[in-house]
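The values are calculated or read from the model by the stated rules, or taken from the named source; none is laboratory data. Just so you know, these numbers come straight off a predicted model, no measurement behind them. Don't worry about glycine lacking a Cβ; one is built from the backbone with ideal geometry, like all the others, and counts go over all protein chains shown. Note: areas computed on protein heavy atoms with side chains; ligands, DNA, RNA excluded. Shrake-Rupley method; radii C 1.70, N 1.55, O 1.52, S 1.80 Å.
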Amino acid sequence: MFDVFKNVLAEVQTEISDMAFKTWFNNVGLISIDEKEKVATIGVPNVFLIKTLESKYQGILLDAFKHNNVDLTRLDFVIKGDRKTKVRAREVTNGGELKLGGSERVKSTRELAERASERVKTSRVDDSGLNSKYTLDNFVVGSSNELAAGVARLIAKNPGEKKFNPFFLYGGPGLGKTHLVQAIGNEILKQHPGMKVLYIPMNHFYSEFINAVRSGKGEDFVKKYQKLDTLIIDDFQMIIGKDRSQEEFFNIFNDLHMANKQIIVTCDRLPDQIKTLDVRLSSRLASAGAYDLQFPGFEDRCAILKAKAEFMGQEIEDAAIEFIADNVKTNVRELEGEFQKIMVTAEIKGMTPLELINEGYISGTVVRRRRNVTPRLVVEKVAKYYNLTVVEMTGKSRVSNIKTARQVAMYLLSKELGMSTTKIAPEVGVKDHTTVMNGIKKIDVDQKTNLQLRDQVEQIKESIYG
């Protein structure tokens, strides 16, 4: 039976890229096959792999089993070491409505808080600056971060490899940059115990450098960094306006890079978007490519909340998860914050989260902000961002920047407020709803490759909901 699964995995490996195979099938194993029910039970290391295995690779797995003379109708996934607990993937009904497998019973938040407290006690921050609670296993992977997460695993396995060094991670606030890079550091220490890893936010690097200069210990400062095997710099954008720190970082960067030491940097924008950044440093930071984290779609937001509930030992109704995922569209940090607020309020009110939502007791800060957003407000915020008046933006001008602003407004009115193209048209000063359709489509498509445009859209959304 287990030899069969080896053959299955070997076939899967020929069907997908090496990076995808290493990311998703590294610790997957066969537990049992029920020939009567035509079901195979497969063990995975954590709940976070299930979504991708179900949505992307189940067909490939079933075909591979069939080619090895095992005809199956279904695959069930369980967390290794917990065979009694089956984690069912989300199902989509014929009508397209998302459903999540799970219990409707909600446990006492007090009991759950105790469990969470125990988990927190096990986390630590040591001389590396890393918090042990951040791991690759509890980083929720979805379509919005799949590539970056895959590269992260490869870096952890072989830090310093040229094609991923430096690793520059870009994305807006609250999307998981800090979690992912600290997880890489923790995994490097796990796989390479003798290596020296340091995680440090850029503002701390700056403070440490200034203190070293003032105390005459500049050489000690440099030697400390030269001894590292992996340097992780978080919030690199904080280097703006700090010319001396920029020069020192450039020197340290060169020393480490020439010695094939791993450098990992996070930022809220691309290097060439930092106006005061030295051109030489900018080009070096992006020399191995820039990987971005995007805001997760609805299904990924549901998966994040489901994962958080499982990690905290909490149970919440599927409909309540969908409500939160549908209403919080700013960042993952606020998504998780809204979740926790609902769980705590449910305990105080003596209700389940879904009862709380249905009775109207909860309309969290993010939800209230969304309900207060009007079409006029969206149009005004977009115009202001592009330094235009509303009259200019909704006029007939086809000048490039005005046209882009108008299309962004169309996109946000559609995606954020759910307005139809016929209703959007008069708000942005166009007569033909097909023009609106084309504008929405253009922004939607362009964001996939134009990181600057995506950044602009996210900043406008922040101003709308802020």
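Some observations on this one:
- Qualifying residue in segment 50-72 (condition: more than 14 Å from Phe5 (Cα to Cα), among the hydrophobic types (A, V, I, L, M, F, W, C), at pLDDT below 75 and open to solvent by less than 60 Å² (accessible area, probe 1.4 Å)): yes
- Of all residues in segment 246-264, at least one satisfies being out of contact with any His (no Cβ under 8 Å at 6 or more places or on another chain) and in a strand (DSSP E or B).
- The set of residues in segment 414-461 being part of a loop (DSSP other than H, G, I, E, B) and buried (at least 16 other Cβ atoms within 10 Å of the Cβ) consists of Glu416, Leu417, Met419, Val428, Gly429, Val430, Gln447.
- Hits in segment 322-331 (condition: open to solvent by 20 Å² or more (accessible area, probe 1.4 Å) and part of a helix (DSSP H, G or I)): Glu322, Phe323, Asp326
- Restricting attention to segment 386-401, the residues being open to solvent by 20 Å² or more (accessible area, probe 1.4 Å), of a type in the set (A, V, I, L, M, F, W, C) and under 17 Å from Thr435 (Cβ atoms) number 1.
- Search result, residues across segment 154-185 that are over 15 Å from the mean Cα position of the chain (by Cα) and in a helix (DSSP H, G or I): Leu154, Ile155, Ala156, Lys157, Lys162, Lys163, Phe164, Gly185
- For the residues Ile240, Ile188, the requirement of being loosely packed, with under 14 Cβ neighbours inside 10 Å and closer than 30 Å to Gln294 by Cα singles out Ile240.
- Qualifying residue in segment 349-370 (condition: modelled with pLDDT of 90 or more, among the charged types (D, E, K, R) and open to solvent by 70 Å² or more (accessible area, probe 1.4 Å)): no
- Residues that are over 29 Å from Val328 (Cβ atoms) and within 33 Å of the chain's Cα centre (by Cα) within segment 389-435 comprise Ser400, Asn401, Ile402, Lys403, Thr435, listed in sequence order.
- Taking the conditions (1) at pLDDT 85 or above; (2) open to solvent by less than 30 Å² (accessible area, probe 1.4 Å) in turn, Thr135 satisfies each one other than (2).
- Put simply, of Lys306, Lys261, Lys275 the only residue that is of a type in the set (Lys, Arg) and farther than 30 Å from Pro166 by Cα is Lys306.
- Verdict on Ile316 being closer than 23 Å to Gly150 by Cα and not in a helix (DSSP H, G or I): no
- The condition (being in contact (Cβ under 8 Å) with a residue 24 or more places away in the chain and either more than 22 Å from the chain's Cα centre (by Cα) or open to solvent by 40 Å² or more (accessible area, probe 1.4 Å) (or both)) is satisfied by just one residue among Ala288, Ala319, Ala309, Ala303: Ala319.
- Filter pass, Ala383 being open to solvent by less than 60 Å² (accessible area, probe 1.4 Å), closer than 19 Å to Arg454 by Cα, assigned to a helix (DSSP H, G or I) and modelled with pLDDT of 90 or more: yes
- Flag if Glu111 is modelled with pLDDT under 65, open to solvent by 50 Å² or more (accessible area, probe 1.4 Å) and part of a helix (DSSP H, G or I): yes
- Filtering segment 153-185 to residues that are of a type in the set (Gly, Ala, Ser) and either in contact with a Pro (Cβ under 7 Å, 6 or more places away or on another chain) or surrounded by 19 or more Cβ atoms within 10 Å (Cβ to Cβ) (or both) leaves Ala156, Gly171, Gly172, Gly176, Ala183, Gly185.
- Looking across segment 376-422, the residues that are among the small types (Gly, Ala, Ser) and out of contact with any Gly (no Cβ under 7 Å at 6 or more places or on another chain) come down to Ala383, Ser397, Ser400, Ala405, Ala409, Ser414, Gly418, Ser420.
- Number of positions in segment 132-153 that are over 13 Å from the mean Cα position of the chain (by Cα) and in a helix (DSSP H, G or I): 2
Residues are listed down the side, and each one gets a yes or a no for (1) under 17 Å from Lys133 (Cβ atoms); (2) touching a residue at least 24 places away in the same chain (Cβ under 8 Å); (3) not hydrophobic (A, V, I, L, M, F, W, C):
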position: Ala148; (1), (2), (3): no, yes, no
position: Ala152; (1), (2), (3): yes, yes, no
position: Ile155; (1), (2), (3): no, yes, no
position: Pro159; (1), (2), (3): no, yes, yes
position: Leu180; (1), (2), (3): yes, yes, no
position: Ile184; (1), (2), (3): yes, yes, no
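- Pairs with Cβ under 6 Å, 6+ apart, first in segment 412-437 and at positive phi, second polar (S, T, N, Q): Gly429/Thr394
- If you go through segment 307-339 and keep only what is charged (D, E, K, R) and under 27 Å from Asp455 (Cβ atoms), you end up with Lys308, Asp326, Lys329, Arg333, Glu334, Glu336, Glu338.
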